[in-house]
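Here the structure is laid out as structure tokens; the discussion comes afterwards.
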Amino acid sequence: MREDPLSPPDLGAEINHLRFTLDHVGAYVFTKDLEGRYTFANEMVCDLFGQHLDDVIGFTDEKFFDLTISDELRKNDLSVLKDGNHIEQVERNIIATTGEERIFWTVKRPICGADGKVTGLCGISTDITERLQLERDLEEQKKQLSQVLENMDAYVYIKDREGRYLYANENLARLYSKPVNEIVGTLEQDLLTPETSERLAAMDKAVFDGGCKVTGEEIVSDVNGKEIFCWSIKIPLFKDGKADRLIGISTDITDIILLKNKYQNLARIDTLTGVLTRGFLIEQAESILLRTQRREARLAVLLIDIDHFKAINDSYGHAFGDTYIISIVNACQKTLRESDIIGRFGGDEFIIVIDEADEDGLTIAAERFLASLRDSILTAPDGKKLKLSVSIGAALSDQSSTFEELMARADHALYQAKKAGRGCWRTAPSANS
Ligand SMILES: Nc1nc2c(ncn2[C@@H]2O[C@H](COP(=O)(O)OP(=O)(O)OP(=O)(O)O)[C@@H](O)[C@H]2O)c(=O)[nH]1
């Protein structure tokens, strides 16, 4: 026998199906009559109230919510039931049984009879309490992060592949002397000199090409052109698997670099005379010697020792001794060419290294230096006029010379000069003779 499609068993199934759907729709669904009594409530509403459906139907919200604290719910219902308004808004309700506040996004519509008159309302509410809390937490975290970034003693920024700033902290704004909103959206090359932006772009390119963190030293100039040394850490940010932005943290290390340079200079430059220290001079001289030998040219070293310096110190004191040393160096520097270097080898010993030298050149250099000393007179503390006097031992390199061997020969020649009465120079025979 063929069954009627709208027969009562089917209608029941239909209602059950509808009820099941409403129970699992993921929102609070309900209807109320004109008095505000529930005429339907899905499972979620019953669960929220902690009641069976039978204990919900026919009751008003007074039973389930603490309307003494918030009567927003009642006002909204009346607006729909009396005035036929449609409501879509946030509702805050206090659950009577627990005292807990829940926040809903609520949609309420009037239900009308065949005559068009309002007979009740239907409502769908989504609980957004957790989502709002998450949003609040996120906002709080953003605030905290922004506080960290703003108070970090570093330039923090986000740039895209073109070098456009997407974020800049206040520190960076101070460097550019521009408000943050003028930096964001601007290309880096429009804020910096071409040389600086080219330098910075090189590291950015390495981040995007390699797709990984890059660290290194960078030099930027502030608005006054002052150079600022930074230690930069740049990290790629990915979208759809492609590095499309980078976040950068650049710390100003100018003071450290200047200090490093100062100490490097201290190790390289003799504080009394301003000429090279022994270690740095040897380093330089060795590389000059190799270059000279590659060109099959020769290099000369002049080992200079101040004559009777102990007696000068003993007679006039250490401070005058220092002045004497400085005067010798000044006289020596007057006779040097730009390519020659001078260093302090010991207390009263100095070395001049002459690139591209031969016997004639060496003779000219040594004689010129001794002549310039002869012209220099220093007045001692007791008013006595002192002549500056040194002895010099010289040596010329050949293709097989090492700097050490050259120095040994110069030292031997210096001994000869001292033996010859001081105030003169001697040259060492070549290594092969
Ligand atoms: N004022 C001063 N004296 C120094 C310095 N460094 C080394 N001396 C002194 O230089 C003197 C070197 O003396 P010696 O090596 O004996 O040589 P000298 O007296 O010049 O004798 P000859 O070289 O044989 O002519 C020592 O008295 C050191 O104390 C310095 O920086 N300042």
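Nothing in this text is a laboratory measurement; each read-out follows from the coordinates by a stated rule. Keep in mind that this is a model prediction, so the values were computed, not measured. Here Cβ is always computed from backbone atoms with ideal geometry, including for glycine, and neighbour counts include all displayed protein chains.
A few points about this structure:
- Dipole of region 269-427, positive end: most advanced residue of Thr335, Ile351, Leu289 [Cβ charges, Cα centre]: Thr335
- Electrostatic bookkeeping for Gly423 treats Lys and Arg as +1 and Asp and Glu as -1; over the other residues with beta carbon under 14 Å from its beta carbon, the sum is +2.
- Listed by chain and number, the lysines whose C-alpha is less than 26 Å from the C-alpha of Lys32, apart from same-chain residues fewer than 8 away, are Lys63, Lys75, Lys82, Lys108, Lys117.
- In region 72-151, the ratio of gyration radius to Kirkwood radius, Rg to Rh, stands at 1.23 when only Cα atoms are counted.
- Counting only Cα atoms, the size of region 269-427 along its three principal axes is 53, 32, 24 Å, in decreasing order.
- Put a dot 7 Å past the Cα of Asp240, heading toward its Cβ, do the same for Gln89, and the two dots end up 4.2 nm apart.
- q = 0.07 Å⁻¹, the chain: log10 I(q)/I(0) [Debye, one scatterer per Cα]: -0.67
- Normalised by 2.2 N^0.38 Å, with N the number of residues, the alpha-carbon radius of gyration of region 180-233 equals 1.19.
- Charged-residue dipole, Cβ positions (Lys, Arg, Asp, Glu), region 175-288 about Cα centre, Debye nearest 20: 280 debye
- Packing order of peptides 286-292, 221-227, highest average first: 286-292, 221-227 (average count of other Cβ atoms within 10 Å over each peptide's residues).
- For region 391-433 versus region 310-386, the gap between their alpha-carbon centres in whole angstrom: 17 Å
- Each of Thr119, Thr335, Thr193 has some number of other Cβ atoms within 10 Å of its Cβ, and from fewest to most they run Thr193, Thr119, Thr335.
- Within a Gaussian network of the chain (alpha carbon springs, distance under 10 Å), most fluctuating of Asp204, Asp115, Asp71: Asp115
- Placing pseudo-labels 7 Å out from each Cα toward the beta carbon at Leu138 and Gln189 gives an inter-label distance of 3.6 nm.
- The slack between Leu34 and Val107, meaning 0.36 nm per residue of separation minus the straight C-alpha distance, is 24.6 nm.
- Modelled FRET efficiency - R0 30 Å, Arg268 with Ala408, Cβ distances, 0.05 increments: 0.80
- Binned Cα-Cα distances of region 8-131, short to long, each 10 Å bin given as a whole percent: 13, 44, 34, 8, 1
- For the chain, the longest principal axis of the Cα atoms and the long axis of helix 359-374 meet at an angle of about 90 degrees.
- Links that overshoot a 25 Å alpha carbon limit, given the list Lys142/Lys205; Lys143/Lys178; Lys178/Lys262; Lys159/Lys213; Lys143/Lys226: Lys142/Lys205; Lys178/Lys262; Lys143/Lys226
- The length gained by stretching the chain between His318 and Ser221 to full extension, at 0.36 nm per residue less their Cα-Cα distance, is 30.4 nm.
- Region 166-206 and region 259-287: distance between their alpha carbon centers, rounded to Å: 37 Å
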